[in-house]
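Let me begin by handing over the structure; questions about it come next.
Here, each number is a calculation from the coordinates, and none is a lab measurement. This one's a predicted model, so the numbers in the text were calculated from it and none came from an experiment.
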Amino acid sequence: MRMIKDVLRLKFDGGFSHDRIAASLGISKGVVTKYVGLAGAAGLHWASACDMDEGELERRLLGKSTGPGAYAQPDYGRIHQELRRKGVTLTLLWEEYQAEFADRQT
């Protein structure tokens, strides 16, 4: 679960360091830096962020979510079968996959 709101609250409202926020929330300092940086780039301050829920903050800072199923899953059985054939490489199968599902990938 993302803790964007907690990170922003502790940083902007509490004035804590990234190390202290990371330790208190049990996340890495890099994640704290990422969320604070994204909020700064989006021009988001605690006054406006406190009224948003986690989902809205996530969409605003991280862009649209690519949920499960955003990409077509390859047929692994077919891949193993095709790789047994002479002259077939994984690169060739990947290129075929890209050509077949180019319109479904975002």
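GNM, the chain, Cα, under 10 Å: largest mean-square fluctuation among Lys11, Lys86, Lys34?
Taking springs between Cα atoms under 10 Å, the residue moving most is Lys86.
Given only helices, namely DSSP H runs of n ≥ 4 each adding -39500 (n - 2.57), what is the per-residue ellipticity at 222 nm of the chain, to the nearest 500 deg cm²/dmol?
Values: 7 runs with 58 residues, N = 106.
Rounded to the nearest 500, it is -15000 deg cm²/dmol.
Taking the chain as a Gaussian network, where each spring joins two C-alpha atoms under 10 Å apart, which residue of Asp75, Asp53, Asp13 fluctuates the most?
Asp75
Choose one answer from Gly63, Gly26, Gly77: the residue with the largest mean-square fluctuation in a GNM of the chain with alpha-carbon springs under 10 Å.
It is Gly77.
Can you list the aspartates and glutamates whose alpha carbon is less than 15 Å from that of Lys11, not counting same-chain residues fewer than 8 positions off?
Within the straight-line limit of under 15 Å, Lys11 reaches these aspartates and glutamates: Asp19.
Give the distance, in whole Å, between the Cα centre of the stretch 73-106 and the Cα centre of the stretch 12-27.
45
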